[in-house]
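Taking it in order: structure first as structure tokens, then the write-up.
The values are calculated or read from the model by the stated rules, or taken from the named source; none is laboratory data. Given the structure is predicted, the values throughout are model-derived calculations rather than measurements. Neighbour counts run over all protein chains shown; Cβ positions are idealised from the backbone, glycine included. We work out accessible area using only protein heavy atoms, side chains counted, and drop any ligands, DNA or RNA first. Shrake-Rupley method; radii C 1.70, N 1.55, O 1.52, S 1.80 Å.
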Amino acid sequence: MPILLWIIAATILGGVLSALAASLFLLVPDAKRGQWVPHLVSVAIGALLAAALLDLLPQAITSGGAANAERIGLTLLIGLLIFFVLEKLVLWRHCHQDSCEAHPVEEHAHEKENAHDHATRSHTVLLAQEQHRHAASGWMILFGDGFHNTLDGVLIAAAFMTDIHLGVVTSLAVMIHEIPQEVGDLAILLHGGMSRARALWLNLITSLTSVVGGVIAYFALGTAMRFLPYAITLAAASFIYIAVADLIPGLHRRVDPESGLQQFSLISLGVLLIYGLEVVLHH
């Protein structure tokens, strides 16, 4: 099968499955969903780190040659800094719960007002302002998610253009990570007053922007194959940054030994999942 078809199939399948899985989670009671999502996040951490350190980086070094190993390392460092800046610009932020620091959907307007303002402002105005903030946060989520998924498509394309097996592993890692993210995004959209049907459709559309990124990357990188090792390194940088800077800090909210052991076990499961897939694909 042509590489372009692999890229299109992987991005469509990944986008649809992650959006579908997130939609099914909405059928789960809030209390249960709140318990399960952190488990998915732990598995995603292991999958992302394994894909980056066991597949993407070794492949980048092999493709670029030992003589360019230092450039690969520099690209990795630059990639981490780029994703840090993107997150600071609120273009890249992954929420895995109904609220977070980047998307303060639970923040009430009266908490920022002084006592005099709170006493004089009507309850109706407060509710309207709060609802407006929730809606704005929802649209910001959609924009950021679409941008992020487009980049995912670029990374998947770069992986497939290097090696079909690497593309499959990368696509799986992306999809595993997308599920808890999509659950959080849907929760925020619904909290902002959006109807369930509209939230589901918009979430699916943003998930499929990865197809656009994949196709663009295929034609762009096709004329500059020498840049493929560095594109793969950027993919590894994104996976490492998401896992270490975004997901792992959330796990530290629970400090009891039992939770730590459970998180470690689920992270290990994510690593074994990617490693096992890699072994199967190469035999």
- line: Protection proxy (average C-beta count within 10 Å per residue), highest first, orders 230-242, 206-218, 268-280 as 230-242, 206-218, 268-280
- prompt: Residue separation times 0.36 nm, minus the C-alpha to C-alpha distance between VAL16 and ILE78: what's the value?
  reply: 19.2 nm
- request: Figure the gain on full extension for PHE219 and TRP201 (residue separation times 0.36 nm, minus the Cα-Cα span) and round it to one decimal in nm.
  value: 3.6 nm
query: So for ARG196, ARG253, what's the accessible-area order with a 1.4 Å probe, most first?
result: ARG253, ARG196
query: Where does each of ILE78, ILE176, ILE45 land when they are ordered by accessible area, with a 1.4 Å probe and the largest first?
result: ILE78, ILE176, ILE45
statement: When every protein chain stays in place and a 1.4 Å probe is rolled, PHE25, PHE219 sorted by accessible area with the largest first are PHE219, PHE25
Modelled FRET efficiency - R0 30 Å, ARG226 with LEU53, Cβ distances, 0.05 increments: 0.80
- prompt: For ASP30 and PHE264 in one chain, what is 0.36 nm times their gap in residues minus the Cα-Cα distance, to one decimal in nm?
  reply: 81.8 nm
